[in-house]
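Structure first, then comments.
The values are calculated or read from the model by the stated rules, or taken from the named source; none is laboratory data. The model shown is predicted, which means the values in this text are computed figures rather than measured ones. Backbone-built Cβ (ideal geometry, glycine too); neighbour counts: all protein chains shown.
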Amino acid sequence: MIGLLLLIIGIQPDTLTTSSHDLDEVVIVSRGQGGKRSAKGQVATIDEHLQELNHVELVRRGSYAWEPTVNNMQTERLSTTIDGMKIFYACTDKMDPVTSYVESGNLQSISLNSGLNGNPQATGNIGGALDLKLRKAGFLYDHRLHGLNGLNAQVGYETNGNVQVYGADGSHSSQSFYVNGGAFFRHADNYKAGDGKKVQFSQFQKVNAFLNSGFKFPPNRGDGRGALEATFIFDRATDVGYPALNMDVAKAEAFITSLAYKHLFEDSKLESWETKGYYNHITHVMDDTTRPDVEIHMDMPGESWTAGAYSLLTGEYGKHQTQLNIDGYYNRLFADMTMYPGGAAPMYMVTWPDVGTLNVGASLTDNIRLTDASSLHLSGKLSWQHQRLNNEEGYKALSVFFPGMQQAYHQTTGRIAANYQLSIVNSQLSIGAGWGSRAPTVTEAYGYYLNNTFDQYDYIGNPRLKNESAIEVNGSYQLSILNFQLSTDINAFFFSNYIIGQFEDRLSAMTVGAEGVKVYGNIDHATIANTSLTAEWRPVSGLRWSAKGTYSVGRDDEGEPLPLIAPFTYQSRLSYATGPLSLQAEVKGHTRQAKYGKKYGETETAAWTIVNLSANYQFSINHYQLALRAGVENLFDKNYATYADWCHIPQKGRNIYVNLSFEI
Ligand SMILES: [Cu+2]
């Protein structure tokens, strides 16, 4: 309710999405009306919220910290920002995608820009750009004399894995000041797969606390108003199991903070000018001490520090709505490994050689209203980065494989995208094209003997990699007739210098049980294409049926399938709402993954189908608003794994959940 009454610092630059709504897909995390949302409501994990987005799939290594993919591309080809802030994960094994360092309670929504049309702060986003929008109470926009207070709490339970969720937050808003903050706790034991068998090492625990506040300066005559905003998030996961990997996590901790000054103009073509400075620090500590039969015990910590700033100017003149952004960040990544072979001296290795990356960029976005029925969206960004290997030992170790390698490198990357939209009578058409490039990641360029359980190879980075680039073409069409809606969309990415691990027979593996060594390399070209078809029918008021099918292909330069490309996936939902009660039944699954990346160590995944049921009841007691949600996931207790389940770890068997949220 508070969310409806308040507006976040007057007019947000986010309102741009109204003129480019088809390019931007949003899932609502917080309370409020409308939009896509998870059947579990606010209590759902960030990963469950992300599942609601088109183009998004999740790679699972356990029941915590799933890795989002967009258009069948993983982290390396995506940009993930938190309110425009850059943040980089600290695990050499990708156990901690940055989406794992926030909680549902922190967020208002998650927005996705598919493909090369990124948000202003995005860099390296060939597949897409996710921006996690923080939930700020915001200033009161009307002329109330007294401030407004809100309290909100959630409690949830799930039978499979004994999952417990507790969250509470409070807010206070007035015309010139707001503050909101809260805490979140999640606990899960090992879950059971469809055959009733416990999946060992699938437990986790997480605590999260956040605080946002804003202060508005008194108005300057004719010059608008300025406001200061501060954000603080602390997130800590402990005892996290990864059944698909050889190790677990003792601690994954993030400290995220920012301070922004925003100026809102009056009677001007300029709308707002926001300048934000931020800092975040991630500590990631892996742990294999709870695992039985560990041949060589290992310590593998990783750390990531990022400090940055951006300045975003938004304006509107005539038919143009324009955003100009300048940003810069400095990130440091360090990871090392100590092996303790029984009876011998410990072995020490630097796996990420304290790489310092300085990146600066400038971007321009323009939404042009051509006519009442058509618009053109243009966006472009140019970035330059400098990287230095600050750890001598790591630099020397890698130099053995790459004689003459430098201790510092620099790259220039860019992206440009155009999209044309046309509405005619009851249909909407959109076509777009773009080009973009990305620099190799720290793992791809400088990683040292990083074991990958997906194909059982040890990976070594390659400092001589060229930038990867891609041309994207996309199109979508939507037709609405009476209460029936049909939409289709298609996109294709034509890569040059696609970066992927390649066999290196001359080196032998370091990890016990590894098949061999791969070194990252550029392959001349590769293609990824995705298409989807969605139908929606509302025969009578309250009743809604929808169905969606997606199909993707990925090919390397020899025509062989790329790994982790979704087979045909489908989902159908039937929902009924009457007054405060809504009910939903869902069927989802995918066909056998026939075209799997055999060349890249992927093995085939079988077809599966599951049924989920959910119910939502909204009511009030003494002016307190309550929402009760309950449901069954995997109703028939199927034992299955999706193509994106790392090493085919089984998904949850039947799971009954119930959660209650209330607000005052
Ligand atoms: Cu890790």
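Return a yes/no flag: does the stretch 422-440 have any residue that is within 24 Å of ALA129 (Cα to Cα) and not in a strand (DSSP E or B).
Checking the stretch 422-440: at least one residue is within 24 Å of ALA129 (Cα to Cα) and not in a strand (DSSP E or B).
Among the numbered criteria (1) part of a loop (DSSP other than H, G, I, E, B); (2) away from the ligand (no atom under 16 Å from the Cβ); (3) at pLDDT below 95, which one does ASN246 miss?
(2)
Quick one: in the stretch 350-364, which of the residues that are farther than 17 Å from SER79 by Cα and of a type outside the set (A, V, I, L, M) is surrounded by the fewest Cβ atoms within 10 Å (Cβ to Cβ)?
Taking the candidates together, the pick is GLY356.
For (1) exposed (fewer than 15 other Cβ atoms within 10 Å of the Cβ); (2) among the aliphatic types (A, V, I, L, M); (3) modelled with pLDDT under 95; (4) in contact with a Lys or Arg (Cβ under 7 Å, 6 or more places away or on another chain), each residue gets a yes or a no:
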{"site": "ALA547", "(1), (2), (3), (4)": "no, yes, no, no"}
{"site": "TYR551", "(1), (2), (3), (4)": "no, no, no, no"}
{"site": "GLU558", "(1), (2), (3), (4)": "yes, no, no, no"}
{"site": "LEU562", "(1), (2), (3), (4)": "no, yes, no, yes"}
{"site": "THR569", "(1), (2), (3), (4)": "no, no, no, no"}
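Does the stretch 461-487 hold any residues that are surrounded by 15 or more Cβ atoms within 10 Å (Cβ to Cβ), in a strand (DSSP E or B) and polar (S, T, N, Q), and which are they?
Passing the criteria: SER469, ASN474, SER476, GLN478, GLN485, SER487.
Test GLY194 against the criterion of being part of a loop (DSSP other than H, G, I, E, B) and within 28 Å of ASN54 (Cα to Cα), and give yes or no. Full working, then the answer.
Values: part of a loop (DSSP other than H, G, I, E, B): yes; within 28 Å of ASN54 (Cα to Cα): yes.
When the stated conditions are applied, GLY194 passes them.
Counting just the residues of the stretch 498-511 that are more than 25 Å from the chain's Cα centre (by Cα) and not hydrophobic (A, V, I, L, M, F, W, C), which one comes out nearest to ALA445 (Cα to Cα)? Steps first, answer last, please.
So the first thing to find is which residues in the stretch 498-511 are more than 25 Å from the chain's Cα centre (by Cα), and the list is 502-511.
Checking which are not hydrophobic (A, V, I, L, M, F, W, C) leaves us with 502, 504-506, 508, 511.
Details: GLN502: 13, GLU504: 16, ASP505: 19, ARG506: 19, SER508: 19, THR511: 20 Å.
Selected residue: GLN502.
How many residues, within the stretch 249-305, are away from the ligand (no atom under 16 Å from the Cβ), of a type in the set (Asp, Glu) and either closer than 21 Å to ARG135 by Cα or out of contact with any Phe, Trp or Tyr (no Cβ under 7 Å at 6 or more places or on another chain) (or both)?
5
Restricting attention to the stretch 326-349, which residues are loosely packed, with under 15 Cβ neighbours inside 10 Å and either in a strand (DSSP E or B) or touching a Pro at 6+ places or on another chain (Cβ under 8 Å) (or both)?
In the first step, residues of the stretch 326-349 are kept if they are loosely packed, with under 15 Cβ neighbours inside 10 Å; the result is 338, 340-348.
Matches in the stretch 326-349: THR338, TYR340, MET347, TYR348.
What's the number of the condition GLY597 fails, among (1) surrounded by 16 or more Cβ atoms within 10 Å (Cβ to Cβ); (2) within 21 Å of GLU57 (Cα to Cα); (3) touching a residue at least 60 places away in the same chain (Cβ under 8 Å)?
It fails just one condition, (3).
Return the only residue of SER104, SER114 being away from the ligand (no atom under 16 Å from the Cβ), out of contact with any strand residue (DSSP E or B) (no Cβ under 6 Å at 6 or more places or on another chain) and either under 18 Å from ASN208 (Cα atoms) or not basic (Lys, Arg) (or both). I'd like the intermediate steps shown before the answer.
Working: SER114 fails: out of contact with any strand residue (DSSP E or B) (no Cβ under 6 Å at 6 or more places or on another chain).
Going through SER104, SER114 in turn, the sole match is SER104.
Go through the stretch 513-538 and report how many residues are in a loop (DSSP other than H, G, I, E, B) and either of a type in the set (A, V, I, L, M, F, W, C) or at pLDDT 95 or above (or both). Write out each step before concluding.
We begin by selecting, within the stretch 513-538, every residue in a loop (DSSP other than H, G, I, E, B); these are 513-515, 538.
In the following step, the residues that additionally are either of a type in the set (A, V, I, L, M, F, W, C) or at pLDDT 95 or above (or both) were identified as 514, 538.
Residues in the stretch 513-538 being in a loop (DSSP other than H, G, I, E, B) and either of a type in the set (A, V, I, L, M, F, W, C) or at pLDDT 95 or above (or both): 2 in total.
Every residue in the stretch 82-111 that is more than 24 Å from SER311 (Cβ to Cβ) and of a type outside the set (D, E, K, R), please. Reasoning before the result, please.
Pass one, the stretch 82-111, residues more than 24 Å from SER311 (Cβ to Cβ): 89-97, 99-101, 103-105.
Listed by number, the residues that qualify are TYR89, ALA90, CYS91, THR92, MET95, PRO97, THR99, SER100, TYR101, SER104, GLY105.
Of the residues that sit in the stretch 329-362 and are within 32 Å of the chain's Cα centre (by Cα) and of a type in the set (Ser, Thr, Tyr), which one is nearest to THR123 (Cα to Cα)? Spell out the reasoning first.
To start, the set of residues in the stretch 329-362 that are within 32 Å of the chain's Cα centre (by Cα) comprises 329-338, 349-362.
Next, only the ones that are of a type in the set (Ser, Thr, Tyr) stay: 329-330, 338, 351, 357.
Details: TYR329: 11, TYR330: 14, THR338: 33, THR351: 24, THR357: 13 Å.
By that ranking, first place goes to TYR329.
Here is a check on your reading of the model: is THR314 in a strand (DSSP E or B), within 30 Å of LEU450 (Cα to Cα), more than 16 Å from the ligand (Cβ to nearest atom) and of a type in the set (Val, Ile, Thr)?
For THR314, the condition - in a strand (DSSP E or B), within 30 Å of LEU450 (Cα to Cα), more than 16 Å from the ligand (Cβ to nearest atom) and of a type in the set (Val, Ile, Thr) - is not met.
Return the residue satisfying two criteria in turn: it lies in the stretch 222-243 and is among the hydrophobic types (A, V, I, L, M, F, W, C) and over 20 Å from the mean Cα position of the chain (by Cα), and of such residues it is nearest to the ligand (Cβ to nearest atom).
The first filter runs over the stretch 222-243 and keeps only residues among the hydrophobic types (A, V, I, L, M, F, W, C), leaving 227-228, 230, 232-234, 237, 240.
Narrowing the set further to residues that are over 20 Å from the mean Cα position of the chain (by Cα) leaves 227-228, 230.
Values: ALA227: 39, LEU228: 37, ALA230: 30 Å.
Top of the filtered list is ALA230.
Looking only at the stretch 30-81, count how many residues are in contact (Cβ under 8 Å) with a residue 12 or more places away in the chain, more than 22 Å from GLU158 (Cβ to Cβ) and more than 16 Å from the chain's Cα centre (by Cα).
Total satisfying the criteria: 3.
Would it be correct to say that ARG629 is assigned to a strand (DSSP E or B), basic (Lys, Arg) and modelled with pLDDT of 95 or more? Walk me through how you get there before you give the answer.
Numbers: assigned to a strand (DSSP E or B): yes; basic (Lys, Arg): yes; modelled with pLDDT of 95 or more: yes.
The answer is yes for ARG629.
Restrict the check to the stretch 293-305 and report whether at least one residue is over 26 Å from LEU116 (Cβ atoms), among the aliphatic types (A, V, I, L, M) and out of contact with any strand residue (DSSP E or B) (no Cβ under 9 Å at 6 or more places or on another chain). Break it down stepwise before answering.
Within the stretch 293-305, the first condition is being over 26 Å from LEU116 (Cβ atoms), and the residues that meet it are 293-303, 305.
Retained after the next criterion (residues that are among the aliphatic types (A, V, I, L, M)): 294, 296, 298, 300.
Now narrow it down to the ones that are out of contact with any strand residue (DSSP E or B) (no Cβ under 9 Å at 6 or more places or on another chain): 294.
Yes, there is a match, as at least one residue in the stretch 293-305 is over 26 Å from LEU116 (Cβ atoms), among the aliphatic types (A, V, I, L, M) and out of contact with any strand residue (DSSP E or B) (no Cβ under 9 Å at 6 or more places or on another chain).
Only one residue in VAL165, VAL207, VAL179, VAL155 is part of a strand (DSSP E or B), closer than 21 Å to GLN651 by Cα and among the aliphatic types (A, V, I, L, M), so which one is that?
Values: VAL207 fails: closer than 21 Å to GLN651 by Cα; VAL179 fails: closer than 21 Å to GLN651 by Cα; VAL155 fails: closer than 21 Å to GLN651 by Cα.
That would be VAL165, the only listed residue that is part of a strand (DSSP E or B), closer than 21 Å to GLN651 by Cα and among the aliphatic types (A, V, I, L, M).
Is there a residue being closer than 24 Å to GLY447 by Cα and either within 16 Å of the ligand (Cβ to nearest atom) or in contact with a Leu (Cβ under 7 Å, 6 or more places away or on another chain) (or both) anywhere in the stretch 322-330?
Within the stretch 322-330 (the criterion being closer than 24 Å to GLY447 by Cα and either within 16 Å of the ligand (Cβ to nearest atom) or in contact with a Leu (Cβ under 7 Å, 6 or more places away or on another chain) (or both)), the answer is yes, since at least one residue qualifies.
Could you give me the residue pairs with C-beta distances under 9 Å whose first residue belongs to the stretch 89-106 and is within 23 Å of PRO353 (Cα to Cα) and aromatic (Phe, Trp, Tyr), whose second residue is more than 8 Å from the ligand (Cβ to nearest atom) and assigned to a loop (DSSP other than H, G, I, E, B) wherever it lies, and which are 6+ apart or on separate chains?
From the stretch 89-106, the pairs are TYR89/PRO97.
Of all residues in the stretch 69-101, which are among the hydroxyl-bearing types (Ser, Thr, Tyr) and either more than 16 Å from the ligand (Cβ to nearest atom) or assigned to a loop (DSSP other than H, G, I, E, B) (or both)?
First, pick out the residues of the stretch 69-101 that are among the hydroxyl-bearing types (Ser, Thr, Tyr): 69, 75, 79-81, 89, 92, 99-101.
Within the stretch 69-101, THR69, SER79, THR80, THR81, TYR89, THR92 qualify.
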